[in-house]
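Shown next, in structure tokens, is the structure this report addresses.
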Amino acid sequence: MARYALTLTTVLAVLGLAAADCQLSNKLTDTDPPPEPKAELCQSQGEGTFTFSMDVHEVDVPTFDSGAVWAGLVKGNSFMIYDNACILKGVYSPGDEGNDCGIPFVIQDNFLPFVLTVKEVNFDVGAPRFKFDYANGEFSIGNNQCTCQDVSHDLEAESACKCAFPLQGEPA
């Protein structure tokens, strides 16, 4: 009986670890970045309003190898947070975190008074979307004036998504 209890405890502990939130760290190294030039990623808002953005892209360079048709496919995704003047405050790249811990993605940073939690995400360059919680509000593409746009060019497929949110949270 004790062996079964130990096995059950081990399984529950492993499941608990698998369901843990995925903490993303800020990868921004530039201490004085210029304002974001792409309006698809950030549009200057009033004082106290920040923008949460997502960029997804992929490039497929032909390899002319019928045995490895997708060998030339390179893709990436990242989240960004901009202040009210569209100055980049943080860059968070789930693929660069050293693990594939999945959603929810949690962002805690010294410039954010509350935790930002990405609850749903689709990194498909053809149909990107996200939903996140911040303070006492929920924000998602298609709501809250949150949008995604195709910004593809040349051989690169790319989509940019943005959503403004109040830094101090929604009024109670």
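Bear in mind these aren't lab numbers, they're just calculated from the coordinates by the rules spelled out. Fair warning: this is a prediction, and the values are worked out from it, not measured in the lab.
Of note:
- Equivalent ellipsoid, the range 64-172 (semi-axes from 5 times Cα gyration tensor eigenvalues, Å): 29, 16, 13
- When the C-alpha to C-alpha distance is required to be over 18 Å, the pairs from Lys27/Lys119; Lys119/Lys162; Lys27/Lys131; Lys131/Lys162; Lys27/Lys89; Lys38/Lys119 that qualify are Lys27/Lys119; Lys27/Lys131; Lys38/Lys119.
- Additional length obtainable on full extension of the chain from Asn143 to Asp30, 0.36 nm per residue less Cα span: 37.5 nm
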